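Student: Have a look at this one.
The values are calculated or read from the model by the stated rules, or taken from the named source; none is laboratory data. Everything quoted here is computed from the prediction, not taken from an experiment. Ideal geometry is used to build each Cβ from the backbone, glycine not excepted, and the neighbour counts take in all protein chains shown. Ligands, DNA and RNA are stripped out before the accessible areas are found, and what is left, the full protein with its side chains, is counted by its heavy atoms. Shrake-Rupley method; radii C 1.70, N 1.55, O 1.52, S 1.80 Å.
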Amino acid sequence: MTHASLRIIHDEHAALSAMLQSLRMMVQRGPGDGPEQFFDVLRAMLFYIDEFPERLHHTKETELLFPPVRARAPHLKETLDKLDRDHARGEAAVRELQHLLLAWELLGDSRREAFEQAVRRYLDFYLEHMKLEETVILPEAEKVLSAQDWLALDEAFASNCDPLTGKYPRDPVYDRLFTRIVMRAPAPIGVGAG
């Protein structure tokens, strides 16, 4: 991978994939004897997903990466349209998860199954989404984008700085969020037992 933007996209996908796997493990384990910590870390994870991938990463893919690929690889129109639709509904999907989690926390186990089902659907959707980008769109982008396209993409993605990739210092504004996730979530994201 010679382009910085591709490395950043791959790093962000890896960080998000690890977050999603940790989320899956947390939900599978359930609240156990520590419901307060359990709900706290799940809220922090969902907030991270809403803050970084949904608002930063997806926006740049949709607005900066996909248009030149679409222009130079018209055979990918349907795939790019699907990915754009995924991006458009991603923020609403994570907000729904936040609502369902709050319902489970405040209203009890009668709301647990709805949250767990929604999490499973979301994780499957998101992992498939990233796989499609990684196996179809990014390889095609490497073939068809110009040096000028890559300069613009490299510059735009360089400002993402997702600290969960392990490649950037944490932004002090988000320090408490990342400390909470890393100290309380299970591996591969955190060091806690969940």
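Student: Find how much the distance from Ala152 to Arg111 grows on full extension, using 0.36 nm per residue of separation minus their present alpha carbon separation; answer in nm with one decimal.
Tutor: Extra length available between Ala152 and Arg111 comes to 10.2 nm.
Student: Which aspartates and glutamates, on any chain, are close to Lys143 with Cα under 12 Å apart, when same-chain ones fewer than 8 places away are left out?
Tutor: Leaving aside aspartates and glutamates fewer than 8 places away in the same chain, none come within reach of Lys143.
Student: Within the stretch 133-157, name every residue whose backbone N is under 16 Å away from a label modeled 7 Å from Cα of His75 along the Cβ vector.
Tutor: Counting only backbone N, you get 135-145.
Student: How far is helix 175-184 tilted, in degrees, relative to the longest principal axis of the Cα atoms in the chain, given as a value from 0 to 90 rounded to the nearest 10?
Tutor: Long axis of 175-184 versus the principal axis of the chain: about 60 degrees.
Student: Considering only protein heavy atoms, what is the solvent-accessible area of Lys143 at a probe of 1.4 Å, reported in Å² to the nearest 10?
Tutor: 150 Å²
Student: If the viscosity is 0.890 mPa s and the temperature 25 °C, what translational diffusion coefficient in µm²/s does Stokes-Einstein give for the stretch 1-155 when Rh comes from Kirkwood over Cα pairs?
Tutor: 147 µm²/s
Student: Let me ask something else about it. Cα axis of helix 4-29 to longest principal axis of the chain: angle in degrees, 0 to 90, nearest 10?
Tutor: 20 degrees
Student: Relative to the longest principal axis of the C-alpha atoms of the chain, give the angle of the C-alpha long axis of helix 112-132, reported between 0 and 90° and rounded to the nearest 10°.
Tutor: Helix 112-132 and the main axis of the chain meet at about 20 degrees.
Student: Mind checking the per residue accessible area of the chain for me, 1.4 Å probe, whole number of Å²?
Tutor: For the chain, the per-residue accessible area is 50 Å².
Student: Return the carbon/sulfur percentage of the accessible area of the chain, one whole number, probe 1.4 Å, all protein chains in place.
Tutor: 54 percent
Student: Here's another thing I want to ask about it. Taking the simple approach of a point 7 Å from Cα along Cα-to-Cβ for both Arg176 and Thr135, what is their distance in nm?
Tutor: Taking the simple label geometry, Arg176 and Thr135 are separated by 4.2 nm.
Student: So, one more: Per DSSP H run of n ≥ 4, the term is -39500 (n - 2.57); total these for the chain, divide by its residue number, and report the mean residue ellipticity at 222 nm rounded to 500 deg cm²/dmol.
Tutor: -22000 deg cm²/dmol
Student: Just the Cα atoms of the stretch 1-87, one point each, no solvent: what log10 I(q)/I(0) does Debye give at q = 0.10, 0.13, 0.19, 0.21 Å⁻¹?
Tutor: Treating every Cα as an identical point scatterer, log10 I(q)/I(0) equals -0.37, -0.57, -0.93, -1.03.
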